[in-house]
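The values are calculated or read from the model by the stated rules, or taken from the named source; none is laboratory data. A quick note: this is a predicted structure, and the numbers were derived from the prediction, not measured. Neighbour counts run over all protein chains shown; Cβ positions are idealised from the backbone, glycine included.
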Amino acid sequence: MKDTLNSRLKKLREDDLLPMHMPGHKRNPGSEPDGISYSCDITEIDGFDNLHSPEGVIRGIEKRAMDLWGADDALISVNGSSALLVASILSHTMKGDKILVASNCHISVWHGIELSGATPVLIDPDTAEDTPFLLGADPALIEEKLLSDPKIKAVVITSPTYEGIISNTGKIYEICKKKDVLLIVDEAHGAHFGIKGDNLFPPTSCGDIVIKSVHKTMSAPTQTAVLLMFGDRADRRLLRHFLSSLESTSPSYMLMAGLENALIDPRVDNLYKIAEDLRSDLKSLTKLRLYTSSSQDISKIVILTCGYMTGYELADLLREDFLIEVEASFPSYIIAMTGTGDTSSSLIRFAEAIKAIDSTVEEKAGKRSHAPSLPSVPRRYKMSVSKALRAGSSKVKAEDAAGQISAEYVFSYPPGVPLLIPGQEISEDILRFMEDLKAGGTNFKTDPYRQWDGTLLKVDTDA
């Protein structure tokens, strides 16, 4: 058989590979909307509304989202949370403005800043010595930055993070309102938070704009997301305008129908129960360790490898020996995602595989230790993102790049959190951190047009 995308998808359907990754429907046929097929793939014909100026059934989906999460207004996206984040930044900042950004924000936030011309002001979320990833955003640090810089027009944070860490957005929102600064919360990984009814998950984040990737943990198809507005400080007209400019003029009705179905039947209560059971089952691990915290979303399963192996090796074992594909792997941990398409049996299968590996690893832990996912070091910006991208540039070996200005994004994907952005000075601290990650097996990503080859792209023109 020819090696095509369709042939590979067919093989995936036939294999018994357990998806411990997004999307949240987990390819479970029971999560599929009834009757959604090519017969529903239409354009904006009479009676079916228009995503770019919705007044009928599509506006009905947005109103359903408003009701489900108790928002004052809502927009839907068939270009994921990425389009919603970019549109939010374009709608509320421009050249000459400053925007306060948590350093663990997704690459789409940086693309929004690049397009708006705003100047980023970075804050690092909290860290803990025994935790190999960043924690929540510190409200006191945000307040300090806002008090010291009146040019800051908006704040962007991620909550929950890729690892499920939840920030105190209530406190942060209070601080932002006092300074009349817009708060945008990337809650892409918290679609299941705050649904009205008996939902046991945490409430939806507090913010002027809260963005949810409904496909990540719920039964909506990939690329579907919702932007929720609370209060009246978000510019609805500009949001609709910029979102319209970022999405296709021929949006998929199949995607919108799948999103509507997920909002009609959220199914999050069962997810909470089976995720809780899974975590209870994994408490018996003796070498590997389930990360637990009172500020973590219980649906995110983070397994720390504790020096016995790398996260990459653990992910390989799960794939090769147990036919389980996890969401992401890092030098010292893996992330496995649960979703509304999971069942008790699928999560028992995952738990049994982890426990089997735990029982067979070496008795003595190795000496491998790795830094958090992003170092808390000062980052200096010598020129705007847009100017650096368009500047003359050339390659330089990473070890010789200290003091140069980056002409490209460099990040470890997933989740697309950049180590370097265009216009940023390449510091010794960042280079040392990249060496640590490389030693742990991390592969770096750069701009889409080239593969990481041990070099960095530096700006050749004067700053």
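Quick rundown of the values:
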{"item": "Residues being touching an Asp or Glu at 6+ places or on another chain (Cβ under 7 Å) and surrounded by fewer than 22 Cβ atoms within 10 Å (Cβ to Cβ) - total across region 79-105", "result": "3"}
{"item": "Flag for Ile298 being surrounded by 21 or more Cβ atoms within 10 Å (Cβ to Cβ) and at negative phi", "result": "no"}
{"item": "Residue in region 207-225 that is part of a helix (DSSP H, G or I), among the charged types (D, E, K, R), crowded, with 24+ Cβ neighbours inside 10 Å and in the same structural domain as Val109 (by TED's automatic domain parsing) present", "result": "yes"}
{"item": "Count of region 290-338 residues which are of a type in the set (S, T, N, Q), in a strand (DSSP E or B) and in contact (Cβ under 8 Å) with a residue 60 or more places away in the chain", "result": "1"}
{"item": "Residue count for region 404-463, restricted to those that are at pLDDT below 80, touching a Lys or Arg at 6+ places or on another chain (Cβ under 6 Å) and over 22 Å from Glu163 (Cα atoms)", "result": "1"}
{"item": "Hits in region 258-278 - residues which are assigned to a helix (DSSP H, G or I) and surrounded by fewer than 17 Cβ atoms within 10 Å (Cβ to Cβ)", "result": "Ile264, Asp269, Asn270, Lys273, Glu276, Asp277"}
{"item": "Residue in region 19-30 that is at pLDDT below 90, part of a helix (DSSP H, G or I) and exposed (fewer than 15 other Cβ atoms within 10 Å of the Cβ) present", "result": "yes"}
{"item": "Filter result (surrounded by 21 or more Cβ atoms within 10 Å (Cβ to Cβ) and in contact with a helix residue (DSSP H, G or I) (Cβ under 8 Å, 6 or more places away or on another chain)) within region 112-155", "result": "Gly112, Ile113, Glu114, Ser116, Ala118, Pro120, Ala137, Ile142, Ile152, Ala154, Val155"}
{"item": "Some residue of region 363-380 being closer than 30 Å to Glu313 by Cα, touching a strand residue (DSSP E or B) at 6+ places or on another chain (Cβ under 8 Å), of a type in the set (A, V, I, L, M) and modelled with pLDDT under 85", "result": "yes"}
{"item": "Where Leu200 falls short, out of the listed (1) in a helix (DSSP H, G or I); (2) farther than 20 Å from Gly136 by Cα; (3) of a type in the set (A, V, I, L, M, F, W, C)", "result": "(1)"}
{"item": "Subset of region 293-316 (residues that are out of contact with any strand residue (DSSP E or B) (no Cβ under 9 Å at 6 or more places or on another chain) and either within 28 Å of Pro202 (Cβ to Cβ) or hydrophobic (A, V, I, L, M, F, W, C) (or both))", "result": "Ser294, Ile298, Met309"}
{"item": "Test: residue in region 226-244 that is over 19 Å from Pro23 (Cβ atoms), of a type outside the set (Asp, Glu) and free of Cβ contacts under 8 Å to residues at least 12 places away in the same chain", "result": "yes"}
{"item": "Every residue from region 398-428 that is over 19 Å from Leu115 (Cβ atoms), surrounded by fewer than 23 Cβ atoms within 10 Å (Cβ to Cβ) and out of contact with any Leu (no Cβ under 8 Å at 6 or more places or on another chain)", "result": "Asp400, Gly403, Tyr413, Pro414, Pro415, Glu425, Ser427, Glu428"}
{"item": "Lone unmet requirement of (1) out of contact with any Leu (no Cβ under 7 Å at 6 or more places or on another chain); (2) in a helix (DSSP H, G or I); (3) under 22 Å from Ile113 (Cβ atoms) for Phe242", "result": "(1)"}
{"item": "Subset of region 81-118 (residues that are polar (S, T, N, Q) and touching a Ser or Thr at 6+ places or on another chain (Cβ under 7 Å))", "result": "Ser81, Ser82, Thr93, Asn104, Ser108, Ser116"}
{"item": "Failed item, numbered, when Leu285 is tested on (1) over 26 Å from Pro203 (Cβ atoms); (2) of a type outside the set (S, T, N, Q); (3) in contact with a helix residue (DSSP H, G or I) (Cβ under 6 Å, 6 or more places away or on another chain); (4) not in a loop (DSSP other than H, G, I, E, B)", "result": "(4)"}
{"item": "Count of residues meeting criterion [closer than 20 Å to Ser299 by Cα and surrounded by 19 or more Cβ atoms within 10 Å (Cβ to Cβ)] in region 158-198", "result": "22"}
{"item": "Unique match (being closer than 18 Å to Ser250 by Cα, surrounded by 14 or more Cβ atoms within 10 Å (Cβ to Cβ) and of a type in the set (Lys, Arg)) among Arg59, Arg64", "result": "Arg59"}
